[in-house]
Amino acid sequence: MTDRVVLAYSGGLDTSVAIGWIGEATGAEVIAVAVDLGQGGEDLEVIRQRALDCGAVEAYVADAREEFAAEYCMPALRANALYMDRYPLVSALSRPTIVKHLVRAARQFDATTVAHGCTGKGNDQVRFEVATTSLAPDLKTIAPVRDLALTREKAIAYAEKHSLPIATTKHNPFSIDQNVWGRAVETGFLEDIWNGPTKDVYSYTDDPTFPPVADEVVLTFEQGVPVAIDGVAVTPLQAIQEMNRRAGAQGVGRIDIVEDRLVGIKSREIYEAPGAMALIAAHQELENVTIEREQARFKRQVEQRWSELVYDGMWFSPLKKSLDVFIDDTQRYVSGEIRMTLHGGRATVTGRRAETSLYDFNLATYDEGDSFDQSQAKGFIEIFGLTAKLAAARDVKFGNGVDFGTGKL
């Protein structure tokens, strides 16, 4: 029986050429797998037919937009996931979704190998391969660009020689990856980190320098998940799409960052994630109202580790699964409404309302009706500062106190 390879297929030049390239290099039959994550562009049926026309023996296509939004983007939202405190994991979230369908197709068509179009310099090769082995340890992986020396020049020559139904002359100066959660742009003149991004870099967001009139929006959450916008019920996918539209029109969610890649390279990346960044800002503020202080402090540590794991391709790892359980527990009372103003590149929270709120007006107010017993504060301060007081007294005793003449210890 001929070996079979399932290929993560985008419909573009490189992966179209990879179908025949893999066949010639390995003797295997190729099954193309195309997954719609809200990236836009061509219809799935058009992509399916192109894969077959390029030599694939089967083509597996999946509309995974709802799945991606509910099962991958919503956990990231509940985790306030921002790698290096800024990047909302646009590409990192999509890879395990795609891999799940690659493995499903491999089982369906009795394939032994998974293939992807990543280079040897980026994070995605790790994400694809670690996720594959985490779901199906028996499957092998290959990367035509990395392992079979498929360069862009060779791809163009191969496509022209075999008359493949794919454009070979169009050249985009950027490498772009996008889905409903956001858009990632790199390479080209952006690799000089002194160069500012030009207008043609952006697609999901309008220029925040000249915004339209401010847009006020009310987001309703249930257990950390948006369920309504301005009182109209939405699915997770609809929430992201609507906030992409409204926040994007105000230029919200533009990110320019020099990022630490897993493989040790620093890389300049431009991201656009209007919906993701607005939703995360709203969710963080609702947590400020509904999550107890010590739990919130620890959650911030968990959020950073969760983001690093997902960035590093460890979506299906044991630690990430364990952190999911903690995050899920923290969301029990994260229900309520957040009012935001979207304007000029900023998403600003202006109101909060929650039945599960820990904010007590009578404790917080300085006006009449204050129920906080201020007489307890003195004793609390003495006990809270006791260890610091004892340590300071020891420093003085042994000549290590503060020298007030120099200001040095």
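For the range 252-309, the list of GluC sites (Glu not before Pro) that fall in a loop by DSSP and count at most 12 other C-beta atoms within 10 angstrom reads E292. Can you send over the carbon and sulfur percentage of the accessible area for the range 33-121, probe radius 1.4 Å, protein chains only? Its accessible area is 45 percent carbon and sulfur atoms.
The candidate values are [x] 34, 29, 20; [y] 35, 26, 18; [z] 47, 25, 22; the one derived from this structure for semi-axes √(5λ) of the Cα gyration tensor in Å carries the label [z]. Reported to the nearest whole Å, the Cα centre-to-centre distance from the range 1-35 to the range 98-150 is 11. Evaluated with a Cβ-only charge set (Lys, Arg +1; Asp, Glu -1), the chain carries a dipole of roughly 980 debye about its Cα centre, given to the nearest 20. Of the solvent-accessible surface of the range 203-272, computed with a 1.4 Å probe over protein heavy atoms with every protein chain present, carbon and sulfur atoms account for 53 percent.
The helix-only estimate of mean residue ellipticity at 222 nm for the chain, built from DSSP H runs of length n ≥ 4 each weighted as -39500 (n - 2.57), is -12000 deg cm²/dmol after division by the residue total.
For the chain, the solvent-accessible area with a 1.4 angstrom probe is 51 square angstrom per residue. To put it simply, the accessible area of the range 138-197 at a 1.4 Å probe is 55 percent carbon and sulfur.
If you take the beta carbon distance between T365 and R300 as r and set R0 to 30 Å, what does 1/(1 + (r/R0)^6) give as a FRET efficiency, to the nearest 0.05? Step by step, r from the Cβ atoms, then E = 0.60. In this Cβ point-charge picture (+1 for Lys and Arg, -1 for Asp and Glu), the range 180-338 has a dipole of about 320 debye about its Cα centre.
Of K121/K321; K100/K140; K100/K321; K121/K154; K100/K266; K299/K321, which pairs sit farther than 23 Å apart, going by alpha carbon to alpha carbon?
Pairs exceeding 23 Å: K121/K321; K100/K266.
Multiplying the residue separation of L52 and K397 by 0.36 nm and subtracting their alpha-carbon distance yields 115.9 nm. Counted over the chain, the DSSP beta bridges are approximately 70% antiparallel. Between S175 and M1, full extension at 0.36 nm per residue minus the direct alpha carbon distance yields a gain of 58.9 nm.
Note on the chain: dipole from Cβ charges, positive end direction compared against Y158, A34, F210; the farthest Cα belongs to Y158. Within the straight-line cut-off of under 17 Å between alpha carbons, the aspartates and glutamates reachable from K161 are D14, E24, D53, E153, sequence neighbours fewer than 8 places apart in one chain being disregarded. Each Lys and Arg adds +1 at its Cβ and each Asp and Glu adds -1 at its Cβ; summed about the Cα centre, the range 363-409 shows a dipole of about 560 debye. Annotation: lysines with alpha-carbon distance below 20 angstrom to K389 (same-chain offsets under eight excluded): K378, K397, K408.
The distance from the alpha carbon centre of the range 273-347 to that of the range 250-264 is 18 Å, rounded to a whole number. Taking the Cα centre of the range 335-409 as the origin and placing charges on Cβ (Lys, Arg +1; Asp, Glu -1), which of I381, A364, A347 is farthest toward the positive end of the dipole? With unit charges placed on the Cβ atoms, the residue in question is A347. Tell me whether the range 13-112 comes out rounded, prolate or oblate; compute the Cα gyration tensor, take square roots of the eigenvalues as a ≥ b ≥ c, and use a/c under 1.5 as the rounded threshold. Cα axes put the range 13-112 in the prolate bin.
The values are calculated or read from the model by the stated rules, or taken from the named source; none is laboratory data. Predicted model, so just to flag it, every value in this text is computed and none were measured. Positions of Cβ are generated from backbone atoms using ideal geometry, with glycine treated the same way; all protein chains shown enter the neighbour counts. Accessible surface areas use protein heavy atoms only, side chains included; no ligands, DNA or RNA. Shrake-Rupley method; radii C 1.70, N 1.55, O 1.52, S 1.80 Å.
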